[in-house]
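Taking it in order: structure first as structure tokens, then the write-up.
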Amino acid sequence: MNRLAGPVARRQDLRMARMRDGDVAAVIAVEHAAYDFPWNERVFKDCLRVGYSCWVAQAAHGSDRDLCGFAVMSIGAGEAHVLNLCVAPQWHRHGIGARLLTHLQVVARNHRVERMLLEVRPSNLAAVALYIGAGFVRIGERKGYYPAADGREDALVLALDLAFAGANETDVSAPSTARLGD
Ligand SMILES: CC(C)(COP(=O)(O)OP(=O)(O)OC[C@H]1O[C@@H](n2cnc3c(N)ncnc32)[C@H](O)[C@@H]1OP(=O)(O)O)[C@@H](O)C(=O)NCCC(=O)NCCS
């Protein structure tokens, strides 16, 4: 069952926008706050340069918008690979991770993608719960995939078959900026 629509997901004050070069400093701030082994600026700029599907979640804050999360996905050969999905710690448990994941599914479907893949640390219980709740299933593992404080950590490889997943619509109360060709 797909249960990606949280409380924030239905609010007008969160929107998804394409990540731009000008977002990278704020993205890195979120990345560093969220991960022990963060990506650096070069990695994000490379993702933008090669045309990966890069998105930011923006929360309305008065007349401004706060960048509260982001996601990076590559698409090719009928598959989408979620490379990064991250929410600023102060925004955790507001449905933003679920909204980002739903948005990636919409973008992937618009590209006629049949399957989404991702790696996740088994110790990352929040992320595993997010993905399993969204319908991802374990299809394997990669030994020593991640750096860890005491050496390396294996990755779980999860997949979502989009032909059977339920998220084939956008939330009409919170319009997505995804279009065919994104
Ligand atoms: C994983 C992450 C993206 C979740 O984002 P979030 O916005 O807090 O998640 P949501 O509020 O959308 O939660 C959606 C579901 O995820 C699961 N979940 C999220 N955080 C959880 C936690 N701390 N413990 C258990 N389950 C959790 C729940 O199933 C939740 O559904 P529920 O609220 O109905 O119980 C966020 O914790 C994060 O950015 N972590 C650091 C970066 C990271 O690890 N990214 C994933 C890399 S693979």
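Just so you know, all these numbers are worked out from the coordinates, no wet-lab data involved. These figures come from a predicted structure and were not determined experimentally. Glycine gets a Cβ as well: all are built from the backbone with ideal geometry, and neighbour counts include every protein chain shown.
Using r as the Cβ-Cβ distance of N124 and D64, and R0 as 22 Å, what FRET efficiency do you calculate, to the nearest 0.05?
Values: r = 31 Å, r/R0 = 1.39.
Working from the Cβ atoms, E equals 0.10.
Above 16 angstrom, tally the Cα pairs of region 41-126 and express them as a % of all pairs, no decimals.
On the way: 2095 of 3655 pairs.
Here the tail beyond 16 Å accounts for 57 percent of pairs.
Going highest first, how would you order 133-140, 146-153 by mean Cβ packing within 10 Å? Don't skip to the end; give the middle numbers.
Numbers: 133-140: 16.0, 146-153: 11.2.
Going from most to least packed, we get 133-140, 146-153.
With contacts defined as alpha carbon pairs under 8 Å and 6 or more residues apart, what's the relative contact order of region 5-163 in percent? Can you show the working numbers first?
Numbers: 277 pairs, mean separation 30.7, N = 159.
Reported as a whole number, the value is 19 percent.
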